[in-house]
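Peer 1: This is the structure I want to talk about, given as structure tokens.
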Amino acid sequence: MPGKLKAKIVAGRHLPVMDRASDLTDAFVEVKFGNTTFKTDVFPKSLNPQWNSEWFKFEVDDEDLQDEPLQITVLDHDTYSANDAIGKVYIDIDPLLSCEAATVISGWFPIYDTIHGIRGEINVLVKVDLFNDLNRFRQSSCGVKFFCTTSIPRCYRVALVHGFVEELVVNEDPEYQWIDRIRTPRASNEARQRLISLMSGELQRKIGLKVLEMGGNAVVGYLQCFDLEGESGLVVRAIGTACTLDKLTSLHTIPTLTDGCVCSPGRPVFSEDPPHPLSGPPTPLRTLPSSSPPPFSPSKPCSRQSSSSDTDLSLTPRIGKTSPPSSPSPPLSAPFLIPSQKLTEFPIFTLTCFPPGFLVHVGGVVSTRSVKLLDRIHNPDEPETRDAWWEEIRQEIKSHAKALGCHAVVGYSESTSICEEVCILSASGTAAMLNPRFMREGCLDTGGSDHRFEDASPPSCGFVHIPYDEFNMPFPAQLTYCYHCRRQKVPDVLFTTIDLPAEAEVTGKGCLIQARLCRTKKKAQGEVNATSISNLLPFMEYELHTQLMNKLKLRSMNALFGLRIQISVGENMLLGLASATGVYLSALPAPGGIQIAGKTPSDLSYDQHISTMQKRIDDTIAKNKELYNIHPPECIEEVVGSPIPDRQRSSRLFRSTSESSDELSELDLSHGKKDAFVLEIDDTDAVEDIQSLLTDAPIPAGFYSCNTEVMPGIYNWTSGLQMFTSVRVYRLSNANLTNQGLNKIFTDLCENLLKSLYFKLRSMIPCCLCHLNFTVAVPEEELIQVRGHTYLSTPLQSWSGENEEQLQFSMELCGESTISNNQPTAKPSVSSSERCSPLPEGRSRSLRSTRSLPCGAPVTVVKMTPLSFLPGTRIVKYLGIINMFFIRETTSLREEGGVSGFLHSFIAEVFAMVRAHVAALGGNALVSYSMKECVFMENPNKNQAQCLINVSGDAVIFIRESDQEAIPPLLSSRQTSSTGADGTT
Amino acid sequence: MSVELDVFVVNTTIMDEEVYQLWLDGYTVNDAVKVRMEGGVLEGCDASAEVLHSDTMDQYRTFQMCERLLHSPVKLANQLLFQIPPHRQTMLIERYYAFDSVFVREVLGKKLSKGTKKDLDDVSAKTGVTLKSCRRQFDNFKRVFKVVEELKGPLVENIRKHFLLSDNLARDYAAIVFFANNRFETGKKKLHYLTFQDFAFCAGQLINNWTVGALGESLRSAFVFSDNMVEDMDVDLEKEFLQDLKELKILITDRDLLDQHKSLVCTALRGKTKAFNEMEANFKNLSRGLVNIAAKLTNTKDVRDFFIDLVEKFIEPCRSDKWTAGDMRLYLTHYTNSAHVLDTFKHQVVWDRYMGVIKSCILKMYHD
């Protein structure tokens, strides 16, 4: 019995009237965990009962503690008939299992019923007494911290990155069990909610075990999804990046904790950090001396080896993942070192933001899709088949990365789109070279790439230098010398799925770029259907890519960050939506214009038509240059026609790329050899392309938007204001639409959603819509669902002209302080700008005092943001992951305001429940929020609708930057506050 | 292509005050869109009417969901469904409970019953306030009435505490409740010139001086809100006091007393006003009017006619004699004070309690 769970039911309020005669309720509460149930007394005749129960104690295995939620049911006592359920509260007690997260859950929770929604609130206290289990073969993984955030969480530093972790569990969907025919919708919904909660718990526990096995203590970038496969089952799967994190407060003590045997005498661990991580002497690949610290140790010592006499591992070429990692291991390697074969399997990282110096080079986007038939799964109740699918996809991703000369994939994510029995599995990421300094030995397949770490690349441009060999390029690309350092080659365009690295130098401002595509397909079944989808996919990828490229050029930009391509399958169409944030990277060459060429130049009117179009395009480009403030310094065009052999490069030739040249073709087909991008309008398609290119509504003045965490080019943030979620479903009136017609409609839908946002926020300008992300789905034939969420931030008004200076400042900070407390965001600039201006908070507020939130908001206010931070604030504690799944169903759709009214109130209820859980953990914000799933089904004829929502995020405590002087005791232990680099966390 | 579903949800509920007002005023979504368009909301925005419609719908839905909470404003503060900053909550409540003076003038003093509610379409047609808005306002009156009816303690305080209204609005509601409870007649043609604020002021006077609660007023202000000792309500006039008022009749039935009173008042007024002659000539009539009103107040029916009586018996004669407001003040002051000098008149306390209210009510009501 390694754990004792204690729960106390304090009171209820605003309960619904359950007894029509008295207009009152006789409420009591059942508290259930596992198979044990306790009951409170009945509190008669009150809508605000005070139970004040004893402590209900559950003695349970920690395995159960991780898997099971605490289930609280509020009922109305009825002497003569069965007691009526008022509603339920599920409390995930996982945050209580980690000593660094919350210690108690206490607060008001909305009582939720899947048919009636929120029905009153209940005040609950939950505690856990955990006895450490030192059994090595245990099944639980209490204490492993989980973060949805795809960067290193802000009060931690990363000691080691262990690598990719994944897990997948399958179960029968209760909705498809035979018993569903005879039970009530409520029972069915509750069974489903409970099952998914259990499966999520199990999944998290299993991933935690893997992390412990690797020697890590946390999972960062934890991405959990569920696939409603229908008949074949319910899949919950998750991926993440296993890390060893050190809490920043323990930084001072780390040198003393370092294992003596691996630390060179007289050299404290931190002195080894060069002021500029990428400059200076070759960084040796350090290995984990790994005395396999106990998994529960909260402050795992920074165990990187600092001996300068160490074997420089990175110089040892290793080709192929199968090469034994033990050979180059230094003699100091500890006995418990886990065999690395498993780790090398997927050198994949779900992180999108990295500590400075982590990212050495970026190759480009790698993605892969695979169409599967769900009804062909041999043993649907077992995870093997799905495991194999994903494994196959990850291998493919890995080989793509290899072809780009990279040894790792970062910013990795996976998704599915299911329609009937067809399922499209997608994965994408960014091929990259990482600095092995951060890695667990064996985690990366660093074969042959060693020399690149010797490059003294300036941090602001190093990452754009090509990782592949210029003689043996995996795809046709035009290389030039880096416009920043003039020493290394860079491509003309760079696409990535990661966030813009903080050290990157940007000209002008960034903006959101979307490519939208709709393709009809014939309705079909089984194999035929799957084949036709498979055949369509490459064309869609190609077209989306072309659109992105065109739009990028039209904005005079040369790089995309945060690229996310979503392809959704419906019965008779495929939807593709690509979103990314375009920027002009100063280190890359200026993009050429777009040139239109006609095929039949004889026709005079045709020529005229072309020249007017050309003029329109040129005008738009010029306008955009102004709009995004892109005025790169004039450079001598030195296109490298004949590659000049580099001293370093000439010494070796790149390894074989034969393996994957064809697979990559679809990614970079449109990289032309010409300077100007030529569009040939020889057919109607191209005309459409150009039309759509030009019909993109320009973003209204005062608005900035991006789909990444920070807006490139604007660095002085004040507090963020609001998070918005919008869901729209459109019915296509005409089923016989052409591709072009559909495209137009789809584009309009997205544009309209954006316009709505701009309109609603018109009074907030200047403002920035950060993390603006759309999700599309085809829930039914002729229906298109577009879901968007974004976070609104307002920058200070005077940003022009400060960029350069502030960037410098932030770089300085990066250099001075240790690696992990520098998050690659614009935050350093925030603090610097706020320090400069006397009243940053007040100033921004006075600009729009009518709309902004009150400064001294009460504690119960919980902010939610899809970002991993809240601008203008600092996160002081992570309280645990929030991962909730809700179902809501109605049989009185019209009475609840139709589908919109129903969904509106459901989303509001979900937010309310999320806020309540965050508040009960003691938090005041949810960061890295995402609504992963929003499945909406309706049957207006029966006046019914059902909706499933899955949300997740990290519960945190934040304090305002401006408050930090006011409460020094909280922060005194933090080194950052003492060095004055406080903005960096 | 049609929009099947369109929602927009924010974590911290934001609302456009202009749209809120349109919703409160009972505009349909389409009408609200029209009004907003005419108001130029789209100017400078690259947005279509469609966008405006969607925005208006979103806000209307939010308001509808909030409405349930607004019915018991205390809940709004501790509910979890909507995260609304406190100052926004105050705004929401205050605006929700605000009413149109033209509307309230129509239902003031009427029984807040289903019957009255049925007639609201007539009120709506007459006042130009939409039926929806009429219903909301009527329901607000009724809700406040029902809640405070059961409560002990000072009326205004109760309303303020249970509905979190501002002091002014709470006072107005107290007046509405008081009028509805006593069913004062306010709809007669002769009373049409009076505004709601005139009545509200009078109601305040009556509540503060003629009810059971009024007796404890001095005590009450000493012990702020710890008013458990005040057993009765503010909404009914004190029975005992009304009985005592009968005693005032002596002022008009006793000829000597009446003459004495008249000469005292006339002496004091002489030379101070242009309307002196009219005052002297009308003294007996006016005095009879006021004292008769007092003597009849034990009758519920006559309580209802209190304001019409004041106008008919006192204000109209004075107005036809072209008294100025200053004349009125002067006259009433001396009329009240002179009674103290009368040796045989023993009911000074009741007289003061009565005339204090009458004086301030008449002064408030004496205008065009």
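Peer 1: Return one number: the angle in degrees, 0 to 90 and rounded to the nearest 10, between the long axis of the Cα atoms of helix B:348-365 and the longest principal axis of the Cα atoms of chain B.
Peer 2: The answer is roughly 50 degrees.
Peer 1: Given B:133, B:74, B:9, which one lies farthest toward the positive end of the charge dipole of region B:1-138, if we put +1 on the Cβ of every Lys and Arg and -1 on the Cβ of every Asp and Glu?
Peer 2: Most positive-ward Cα: B:74.
Peer 1: Apply the a/c threshold of 1.5 to the C-alpha gyration tensor of chain B and tell me whether it is rounded, prolate or oblate. Walk me through the intermediate numbers first.
Peer 2: On the way: a/c = 3.01, a/b = 2.12, b/c = 1.42.
Taking the square roots of the gyration eigenvalues as a ≥ b ≥ c, chain B is prolate.
Peer 1: Applying 1/(1 + (r/R0)^6) with R0 = 22 Å to the Cβ-Cβ distance of residue B:113 and residue B:72, what FRET efficiency is obtained, to the nearest 0.05?
Peer 2: The value I calculate is 0.50.
Peer 1: Put +1 on the Cβ of each Lys and Arg and -1 on the Cβ of each Asp and Glu in chain B; which of B:323, B:56, B:89 then has its Cα farthest toward the positive end of the dipole?
Peer 2: Towards the positive end, the residue furthest out is B:323.
Peer 1: Got the relative contact order for region A:859-962 handy, in percent, Cα pairs under 8 Å and 6 or more residues apart? Before the final figure, lay out each step's value.
Peer 2: Numbers: 205 pairs, mean separation 48.3, N = 104.
Here the relative contact order equals 46 percent.
Peer 1: Right, another one. Test of understanding: in a Gaussian network model of chain B with alpha carbons linked when under 10 Å, which of B:14, B:358, B:308 would top the mean-square fluctuation ranking?
Peer 2: In this elastic network of chain B, the residue with the biggest mean-square fluctuation among B:14, B:358, B:308 is B:14.
Peer 1: Rounded, prolate or oblate for region B:238-365? Axes are the square roots of the Cα gyration tensor eigenvalues, ordered a ≥ b ≥ c, and the cut-off for rounded is a/c under 1.5.
Peer 2: Numbers: a/c = 1.86, a/b = 1.24, b/c = 1.51.
Oblate.
Peer 1: Placing +1 at every Lys and Arg Cβ and -1 at every Asp and Glu Cβ, with all other atoms neutral, what dipole size does region B:238-365 have around its Cα centre, in debye to the nearest 20? Kindly include the intermediate steps, with their values, before the conclusion.
Peer 2: On the way: 21 positive and 18 negative charges, 55 e Å.
Computed charge dipole of region B:238-365: roughly 260 debye.
Peer 1: How far is the Cα center of region B:35-57 from the Cα center of region B:296-343, in Å?
Peer 2: 56 Å
Peer 1: Go through B:337, B:298, B:365 and say which Cα lies farthest out towards the positive end of the charge dipole of region B:238-365; charges sit on Cβ, +1 for Lys and Arg, -1 for Asp and Glu.
Peer 2: Of the candidates, B:365 comes out farthest on the positive side.
Peer 1: Still on this structure, I have one more. Can you pick out the pairs among B:34/B:161; A:247/A:509; B:117/B:190 whose Cα atoms lie more than 28 Å from each other?
Peer 2: On the way: B:34/B:161 38 Å; A:247/A:509 34 Å; B:117/B:190 24 Å.
The answer is B:34/B:161; A:247/A:509.
Peer 1: Using Cα pairs closer than 8 Å and at least 6 residues apart in sequence, work out the relative contact order for region B:29-105, in percent. Let's see the in-between values first.
Peer 2: Values: 23 pairs, mean separation 17.7, N = 77.
Computed value for region B:29-105: 23 percent relative contact order.
Peer 1: Please give the length that would be gained between residue B:243 and residue B:34 if that part of the chain were fully extended, namely 0.36 nm times their separation in residues minus their C-alpha to C-alpha distance (nm, one decimal).
Peer 2: Details: separation 209, 0.36 × 209 = 75.24 nm, distance 5.88 nm.
Net length gain for the segment: 69.4 nm.
Peer 1: Which pairs in the list A:402/A:489; B:188/B:296; A:623/A:760; A:372/A:523 are over 23 Å apart, alpha-carbon to alpha-carbon? Write out the running numbers ahead of the final one.
Peer 2: Details: A:402/A:489 19 Å; B:188/B:296 20 Å; A:623/A:760 25 Å; A:372/A:523 16 Å.
Beyond 23 Å: A:623/A:760.
Peer 1: How large is the charge dipole for region A:880-943, taken about the Cα centre, if only the Cβ atoms of Lys, Arg (+1) and Asp, Glu (-1) carry charge, to the nearest 20 debye?
Peer 2: Working: 5 positive and 6 negative charges, 23 e Å.
Computed about the Cα centre, the dipole is about 100 debye.
Peer 1: Which whole number gives the average count of other chain Cβ atoms within 10 Å of the Cβ atoms across peptide B:78-91? If you can, show how the numbers build up before the last one.
Peer 2: Numbers: counts 5, 8, 17, 12, 3, 11, 1, 6, 5, 2, 3, 0, 0, 0.
Average neighbour count from other chains, rounded to a whole number: 5.
Peer 1: Additional query: Once you charge only the Cβ atoms, +1 for Lys and Arg and -1 for Asp and Glu, what is the size of the charge dipole of region B:17-82 about its Cα centre, to the nearest 20 debye?
Peer 2: Here region B:17-82 has a charge dipole of around 440 debye.
Peer 1: On to the next question. Among the chymotrypsin sites (Phe, Trp or Tyr not before Pro) within region A:24-105, which fall in a DSSP loop and have no more than 15 other Cβ atoms within 10 Å of their own Cβ?
Peer 2: In loop regions of region A:24-105 (DSSP not H, G, I, E or B), the sparsely surrounded chymotrypsin sites (Phe, Trp or Tyr not before Pro) are A:55, A:80.
Peer 1: Which distance in nm do the two modelled labels at residue A:939 and residue A:626 give, with both placed 7 Å along the Cα-to-Cβ direction?
Peer 2: About 5.8 nm, to one decimal.
All of the numbers you see were taken from the coordinates with simple rules; none came from a lab. Bear in mind that the values here come from a model prediction, so they are computed numbers and not experimental data. Methodologically, a virtual Cβ is constructed for each residue, glycine included, from the backbone with ideal geometry; neighbour enumeration extends over all protein chains shown.
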